[in-house]
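Q: Quick one: structure below, then a few questions.
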């Protein structure tokens, strides 16, 4: 049970810490950071991430940008769709859109985003937090490992998804300050925490499906 005066960023992190590890421990992610996958196997992950970020960033632009609480979370430097498209063009060439074939797990994830993120500000923040704070934290390690293991150059081609205009710490500090300042009561905080847990499960299911598709042995 959270303390009444506990900062929401700390409460959220503590309440979802175990869920956070589910994706990182999947057979696919273990193989990726362990250098057991090639460029083609990594590119399929990028192709699955694109519809997720496309849906989330459309929710931000079309519905949440004007919301007084949710809007400030969606600052432009965090947007990943353009970076994903640059990476897809790197791996697949100009016809990369033809390679976008969402798995059943990815479709379920996007369905949940459409259900939640266009109408519920707290739910939008829950999914936004799960994706972008992950990209700014563990995603930075993953990006470095992908660059190293796949023999990619220092120019960022192929891993632009993990590159942000500024330093990750500055973005994370700003984001946590917004979480702590948001005017959510205890019931809404619990509801948001539950949705973050759902987001982690949906995210993990995407990489689990990739592991099965590529027949990667369990980690």
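Bear in mind that the values in this text are calculations on the coordinates, not laboratory data. Keep in mind that what you see is a predicted model, and the values were worked out from it rather than measured. Glycine gets a Cβ as well: all are built from the backbone with ideal geometry, and neighbour counts include every protein chain shown.
Q: Tell me the angle of helix 8-24 to the major Cα principal axis of the chain, expressed in degrees between 0 and 90 and rounded to the nearest ten.
A: So the inclination is approximately 20 degrees.
Q: Would you mind checking the tilt of helix 39-59 against the longest principal axis of the Cα atoms of the chain, expressed as 0 to 90 degrees and rounded to 10?
A: 30
Q: What are the semi-axes of the equivalent ellipsoid for the range 43-130, taken as the square roots of 5 times the Cα gyration tensor eigenvalues, largest first, in whole Å? Walk me through the numbers before you get to the answer.
A: Details: eigenvalues 122, 43, 15 Å².
The three semi-axes for the range 43-130 are 25, 15, 9 Å.
Q: In whole Å, what is the distance between the alpha-carbon centres of the range 82-125 and the range 156-204?
A: 17
Q: For helix 138-149, report the angle its Cα long axis makes with the longest principal axis of the Cα atoms of the chain; keep it between 0 and 90° and round to the nearest 10°.
A: 10
Q: Anyone know which of 141, 175, 109 comes out most mobile in the 10 Å Cα GNM of the chain?
A: 141
Q: If the elastic network links every pair of Cα atoms under 10 Å, which of 197, 169, 144 fluctuates the most in the Gaussian network model of the chain?
A: 169
Q: Given the options 205, 18, 26, state which has the largest fluctuation in a GNM of the chain using a 10 Å cut-off (strictly under) for Cα springs.
A: Taking springs between Cα atoms under 10 Å, the residue moving most is 18.
Q: Still on this structure: Using the Cα atoms of the chain, I'd like the radius of gyration and the largest Cα-Cα distance, Dmax, both in angstrom.
A: 17.0, 53
Q: Taking only C-alpha pairs under 8 Å that are 6+ residues apart, what is the relative contact order of the chain in percent?
A: Reported as a whole number, the value is 39 percent.
Q: Next up: As an exercise, use a Förster radius of 22 Å and the Cβ-Cβ distance of residue 119 and residue 184 to find the FRET efficiency, rounded to the nearest 0.05. Let's see the in-between values first.
A: Values: r = 16 Å, r/R0 = 0.74.
With R0 = 22 Å, the Cβ-Cβ based efficiency is 0.85.
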